[in-house]
Amino acid sequence: MSLNRLSIPKLDSNTAWYMIGVSSFVVGSGLTYNIQNGVETYSVDNVENIQRAIENYMFDTGNFLSISDKNKVNIGDVFLNRKNIGGWNGPYYGYNSTQRHRISIDLGGFSDDFSALRYRKESWGIGPLRCSLKDCYIYLHTKAERGSEKAEKLENLYSQFEKNIDKHAGTHDGKVRKVIDFDHVHFYYQVMPEYNTINS
């Protein structure tokens with residue numbers, strides 16, 4: 001029984017370089033996708049850690065996060081113990097806090113001061129709805145002037161989160177929300193229910 005050797009065609013130099021180029025493109029594209037996907041996963045995981053930080057704060061101190069007025073939650077207390085609250089064992093989250101109701105967060109290359117505001121979970125329509133007795137959640141919020149570089153980054157952040165978290169629920173529904181007014185693009189991320197007394 002005779003075995004025939006497989007015939008392998010010879011490649012000229014141009015064909016060989018072409019195949020190397022295609023292979024590099026395929027590998028490079030896959031690597032770029034994996035890196036981008038890794039950044040998106042990191043961003044989503046990072047912002048979702050805020051709920052665990054608040055829960056740890058409440059466990060250690062025995063207190064809910066206080067409110068500075070009817071709408072602002074003192075989220076900065078998870079980073080800095082300005083009021084010498086007993087049992088505090090932070091920082092729990094973030095890398096800075098310029099005001100008591102604000103916290104600095106890095107979301108996969110987008111770094112900004114986020115405020116914590118109290119709004120309803122139900123669909124907002126054209127804008128945020130103030131809390132009711134039965135519906136009140138903490139939202140992280142930041143904004144940027146329309147047309148600015150920051151606004152473009154914020155739009156990209158919203159698209160990334162909306163795709164990965166809400167699976168395209170829409171701008172005024174779900175955990176991730178966007179509102180555009182005359183001057184600004186607003187980004188909101190729903191963290192968790194607000195447990196303080198509702199007095200709005």
Contacts under 6 angstrom Cβ, first residue in region 85-100 being closer than 16 Å to THR142 by Cβ, partner part of a loop (DSSP other than H, G, I, E, B), 6 or more apart: GLY94/PHE79; SER97/PHE79; SER97/LEU80
Filter result for TYR92 (surrounded by 13 or more Cβ atoms within 10 Å (Cβ to Cβ), modelled with pLDDT of 95 or more and in contact with an Asp or Glu (Cβ under 8 Å, 6 or more places away or on another chain)): no
Matching residues in region 61-84 - criterion: being buried (at least 17 other Cβ atoms within 10 Å of the Cβ) and in contact (Cβ under 8 Å) with a residue 24 or more places away in the chain: THR61, LEU65, ILE67, LYS72, VAL73, ASN74, ILE75, GLY76, VAL78, PHE79
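Being among the aliphatic types (A, V, I, L, M) and either in contact (Cβ under 8 Å) with a residue 24 or more places away in the chain or part of a helix (DSSP H, G or I) (or both) is the requirement here; does LEU129 meet it? Walk me through it before giving the result.
Working: among the aliphatic types (A, V, I, L, M): yes; either in contact (Cβ under 8 Å) with a residue 24 or more places away in the chain or part of a helix (DSSP H, G or I) (or both): no.
So LEU129 does not fit the description; no.
Quick grid of which residues meet (1) part of a loop (DSSP other than H, G, I, E, B); (2) closer than 30 Å to GLY62 by Cβ:
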| residue | (1), (2) |
| --- | --- |
| LYS121 | yes, yes |
| ASP135 | yes, yes |
| ILE138 | no, yes |
| VAL185 | no, no |
| MET192 | no, yes |
| ASN196 | yes, yes |
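Suppose we filter region 101-130 for residues that are among the hydroxyl-bearing types (Ser, Thr, Tyr), over 10 Å from HIS141 (Cβ atoms) and either at pLDDT 90 or above or over 19 Å from the mean Cα position of the chain (by Cα) (or both); how many remain? Explain how you work it out, then say what you get.
Quick first cut of region 101-130, residues among the hydroxyl-bearing types (Ser, Thr, Tyr) only: 104, 111, 115, 119, 123.
Subsequent filtering for residues that are over 10 Å from HIS141 (Cβ atoms) retains 104, 111, 123.
Then drop every residue that is not either at pLDDT 90 or above or over 19 Å from the mean Cα position of the chain (by Cα) (or both), which leaves 104, 123.
The qualifying residues number 2.
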Residue under evaluation PHE161, criteria (1) farther than 21 Å from ALA53 by Cα; (2) aromatic (Phe, Trp, Tyr); (3) within 12 Å of the chain's Cα centre (by Cα), criterion not met: (1)
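The values are calculated or read from the model by the stated rules, or taken from the named source; none is laboratory data. This structure is a prediction, so every number in the text was calculated from the model and none was measured. Positions of Cβ are generated from backbone atoms using ideal geometry, with glycine treated the same way; all protein chains shown enter the neighbour counts.
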